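The values are calculated or read from the model by the stated rules, or taken from the named source; none is laboratory data. Fair warning: this is a prediction, and the values are worked out from it, not measured in the lab. Note that each Cβ is placed from the backbone with ideal geometry, even for glycine, and that neighbours are counted across all protein chains shown.
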Amino acid sequence: MSSLYLLIPLGVLVVFGSIAAFVSAVFSGQFEELDAQADKLPDDER
């Protein structure tokens, strides 16, 4: 039972950290021009 007092706040911190990382990626333009990025990948199909 006492481990829950540690694991629940750590889990909440992980969730908020993940949300913060996603929001930061969105605002920095990480998801802009995805089609142009796909064209830069090497084409192995011949």
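Based on this model, can you work out whether ASP35 counts as out of contact with any His (no Cβ under 9 Å at 6 or more places or on another chain) and assigned to a loop (DSSP other than H, G, I, E, B)?
No, not satisfied.
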Discussion item. For a quick check of your reading of the model, give me the residue pairs whose first member lies in segment 2-30 and is assigned to a helix (DSSP H, G or I), whose second is surrounded by 10 or more Cβ atoms within 10 Å (Cβ to Cβ), with beta-carbon atoms closer than 8 Å and at least 6 apart or on different chains.
Written reply: ALA25/PHE31
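Here is a yes/no grid of residues against (1) modelled with pLDDT under 95; (2) touching a helix residue (DSSP H, G or I) at 6+ places or on another chain (Cβ under 9 Å); (3) among the charged types (D, E, K, R):
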position	(1), (2), (3)
SER3	yes, no, no
LEU7	no, no, no
VAL12	no, no, no
VAL15	no, no, no
ILE19	no, no, no
VAL23	no, no, no
GLY29	yes, no, no
GLU32	yes, no, yes
LEU41	yes, no, no
